[in-house]
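Worksheet: the structure to be examined is printed underneath.
Just so it is clear, none of the values below were taken in a lab; they were calculated from the coordinates. This structure is a prediction, so every number in the text was calculated from the model and none was measured. Cβ placement follows ideal geometry from the backbone for every residue including glycine, while neighbour counts extend to all protein chains displayed.
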Amino acid sequence: MSRHKKSRGLPPWLILLLLLIVGVVGYWSLRQGGGEASLRTTEELDPALYYDNANSLRGNTYKIDAEIDSSLGNSPSKGRLFSVVLKQAGKGGAPVVLPVLVPPVLGSLTIQKGQHYLMKVKVVEDGLLKVEEASKP
């Protein structure tokens, strides 16, 4: 009688196939949530600090969770200026309204009043918030 070989786990080709599937699913999920993933490590803007002295925050990058309030202006060279209301209320429950500049490089965004965005903003000269990234949650 011949002896049958005892199996010692999964065959190597099956392990390789499973690793490949996990890699493809991981890559796909990161591509789908790319906007939120890049904001994961970005600090949230503290409106109280911004209102106290926006120029002291110049050069820093923050994230905001906001709804578009109104359009304040448009310049072909500088971009579009909007007022936004943060989803997180300020002290005493008062709404927090901030100005954001959407540069021409983000011109493909069709921004309208009432839309909700997660934004990565940088504090530039005169305390203006310049949008670097924006995505709908």
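A few comments on the model shown:
- Selected residue [in contact with a strand residue (DSSP E or B) (Cβ under 6 Å, 6 or more places away or on another chain), within 15 Å of Asp69 (Cα to Cα), surrounded by 14 or more Cβ atoms within 10 Å (Cβ to Cβ) and among the hydrophobic types (A, V, I, L, M, F, W, C)] from Val96, Val131, Val121: Val96
- Summed over the stretch 121-137, residues that are outside any loop (DSSP other than H, G, I, E, B), of a type in the set (A, V, I, L, M, F, W, C) and out of contact with any helix residue (DSSP H, G or I) (no Cβ under 9 Å at 6 or more places or on another chain) total 1.
- Of the residues making up the stretch 89-120, those that are in a loop (DSSP other than H, G, I, E, B), closer than 22 Å to Glu43 by Cβ and touching a residue at least 24 places away in the same chain (Cβ under 8 Å) are Gly90, Val96, Pro103.
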